[in-house]
1. Is it the case, given these coordinates, that V141 is within 22 Å of the chain's Cα centre (by Cα), in the same structural domain as T236 (by TED's automatic domain parsing) and among the β-branched types (V, I, T)?
2. I'm trying to understand the selection: among the residues of segment 544-586, which are of a type in the set (K, R) and at negative phi?
3. Are any residues in segment 572-588 at pLDDT 85 or above and within 15 Å of E77 (Cβ to Cβ), and if so, which ones?
4. Which of the residues that make up segment 421-436 are of a type in the set (A, V, I, L, M, F, W, C) and either part of a helix (DSSP H, G or I) or not assigned by TED's automatic domain parsing to the domain that holds Q295 (or both)?
5. Any residue in segment 261-277 that is assigned to a helix (DSSP H, G or I) and touching a residue at least 24 places away in the same chain (Cβ under 8 Å)?
6. Looking only at segment 311-339, count every residue that is assigned to a helix (DSSP H, G or I) and under 20 Å from L465 (Cα atoms) and tell me the total.
7. Determine if segment 304-324 includes at least one residue that is under 23 Å from F554 (Cα atoms) and either in contact with a Ser or Thr (Cβ under 6 Å, 6 or more places away or on another chain) or free of Cβ contacts under 8 Å to residues at least 40 places away in the same chain (or both).
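The values are calculated or read from the model by the stated rules, or taken from the named source; none is laboratory data. This is a predicted model, so every value here is computed, not measured. As a convention, Cβ positions derive from the backbone with ideal geometry for all residues, glycine included, and neighbour counts pool all protein chains shown.
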Amino acid sequence: MFPIRQNEPEYALLQDRQTRERNRYGKPIETVPEDDPRRAQPLVINGEAQAQRNPNRYKQHGFYFTADNCIACHACEAACSEKNQVPPHLAFRSVGFVEGGSYPDYRRINISMACNHCDDPVCLKGCPTRAYTKFAEYGAVLQDPDICFGCGYCTWVCPYNAPQLDPVQGQVSKCNMCVDRLEVGLKPACVAACLGKALEFGVIENVPEGRIQARTEIPGFPTPEITHPNIRFQQTRAIQREVVRVDSMPLKYHRDADSYRPELDPKGDGRRQWNLKRLLGSHENAHVAFTLSVQAVMGAFLLLVSGPWLGIEPLSRLRQSGAYLPTLGLMLALLAFGLFRLNMHLGKPHRFYRGFYNLRMSPVSREIAGVSLFFAGLVGHTLFAFFDGPVAGLLANLAALAAIAGIAFGGWYMYRLYRIPARPFWNHGYTGASFVATGLTLGGLLVALPALAFGVLDADLGRLLAGLVATGLALEGAGLLAHARALRSARSEGAASFYIQATTYGQAYRLRNVLLAAGLLLALSMTYTGGGLWTFLGLTALVLPAAVIGRALFYAVVIPTTLPGAFFWRNKGFVEHARETGLADMPQLGVARERHHRFDLGALWETLRTTSMGEKWSQFRRVFTG
């Protein structure tokens, strides 16, 4: 428990006396009714039970930021980092700014931001390990790094960049509202340290003394409609109609009526570049390998299994040929590779089983469950396909049905987990179109190439598979056109993502589009001629690089609705520069190299050795019973 000093200054003490019943979103500020038996339970902090000392313990608290007063001294950052022992490359609270105008009419607004402990915390819903909890005490959204296995999905869905993924430790941590200070009547450390009294704290909707506004937005702050954050603002000083960011994000904010909305702000010379090393060496390439391989295997399996069921003669002949079992084996190997790459992407790969913990809410957990069911069904179907007889055939069909159920469930949530309002580039129907198109194109090729190797690809089967590949490429192209049209006119971070795609990675983007168009023309011609060894190899040489580059762009160019940074701090461009030039080796710069994705066999062995059977059984029960 945090010790309170006898001479604690008055400005560090919570001052709330009277509070309102509901917040501006219509939700009760009282987190637990007065007659609820949970009020009688003590609050346990660091193993120390505390009887209720703060009369407002069961009310939603939040921050209040006066932009007019902030001088960007960063005392709030320092106090937070010292109190929570945050390493130099992370910050639970950080200060950025936007600016507008020029001398002598230059104006700047600083923004200090941490976790906003939202009414609707998307981090809690998205986390597959259930590391997050929305506590009744103070309405704090707390996160347990020990439960986290480092997937980073909470950092994707949060609009405010509050969860911090540590690239060294491989786990997420965040602001904890300083609940140990609140319990003894003290404000959070960042608020108590603020020199200009820009930060205040208390029961939400309480306007501090000497303040006249309680706004939900200021320039540079993402829309509050995503999560209903518990922070209020005052900004009375007039600023220009347009303000810009000084970090590398090509964004500015334009005033409409009483609010500011993001717009594209082109930066750099606008020339098309390759940057293939950066594109294909991204930390997210595990997702590229996983999504492409899984979607290809899903598409190929649906072709192989459903074709004979639907009476499609070329696929029925393929089912009876000697190429069927080797094709299933190849699919198993490719699927295992994708799952392995995804697991190795985790900060703690040996904790992979925690991905099933939040099946009730997390699309990540549901995707993992669906893909796991598909993998099990594929394994069962492959094993039973080795044997003849009605029983083996029945079991093979049952396993296939289980695999198809896994495709439907896992494929749907593979799409849903990317429909993130905090990432407008992904939050578009193109995401689903691209995933389905990948299943058709790569799935068709995955069936065609083994058939060619075993000499069973006749003209009818060749035309059928070429038609499926052409359909997939046409769907991909149509989705790209619709996506580009929507983003060019968008007033969101999506427009900036499209600009980066067309400039920073412009040559790679153009190459992908050329390969896509050439592949579509070749596939269409093959639907009439059938196609042989060289035409299918040529089609693969066009389609596969286009798919890899396109999926790598999908991850590399996305810009979240994050808050503005500064010249060095919280600046993606500076982080990339520091890692490329070696500045990341200087800890005082606040940049660390990514190391957590390496698989630690020692940690896996230690986990297996020290975990008792009772603990394993408890974890298993938690997955299914919560």
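1. Numbers: within 22 Å of the chain's Cα centre (by Cα): yes; in the same structural domain as T236 (by TED's automatic domain parsing): yes; among the β-branched types (V, I, T): yes.
Yes.
2. First pass over segment 544-586, keeping only residues of a type in the set (K, R): 551, 570, 572, 579.
Answer for segment 544-586, where residues must be of a type in the set (K, R) and at negative phi: R551, K572, R579.
3. Of everything in segment 572-588, nothing turns out to be at pLDDT 85 or above and within 15 Å of E77 (Cβ to Cβ).
4. Within segment 421-436, the subset of a type in the set (A, V, I, L, M, F, W, C) is 422, 425-426, 433, 435-436.
Answer for segment 421-436, where residues must be of a type in the set (A, V, I, L, M, F, W, C) and either part of a helix (DSSP H, G or I) or not assigned by TED's automatic domain parsing to the domain that holds Q295 (or both): A433, F435, V436.
5. Taking segment 261-277 as the starting set, the residues that turn out to be assigned to a helix (DSSP H, G or I) are 276-277.
From the residues that got through so far, the ones that are touching a residue at least 24 places away in the same chain (Cβ under 8 Å) too are 276.
There is at least one residue in segment 261-277 that is assigned to a helix (DSSP H, G or I) and touching a residue at least 24 places away in the same chain (Cβ under 8 Å).
6. Counting residues in segment 311-339 that are assigned to a helix (DSSP H, G or I) and under 20 Å from L465 (Cα atoms) gives 17.
7. The initial filter retains those residues of segment 304-324 that are under 23 Å from F554 (Cα atoms), namely none.
Looking for residues that are under 23 Å from F554 (Cα atoms) and either in contact with a Ser or Thr (Cβ under 6 Å, 6 or more places away or on another chain) or free of Cβ contacts under 8 Å to residues at least 40 places away in the same chain (or both), one finds none in segment 304-324, hence no.
Listed here are the residues, each with its yes/no results for (1) under 24 Å from Y418 (Cα atoms); (2) modelled with pLDDT under 95.
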| position | (1), (2) |
| --- | --- |
| N513 | yes, no |
| A523 | no, no |
| Y528 | no, yes |
| I549 | yes, no |
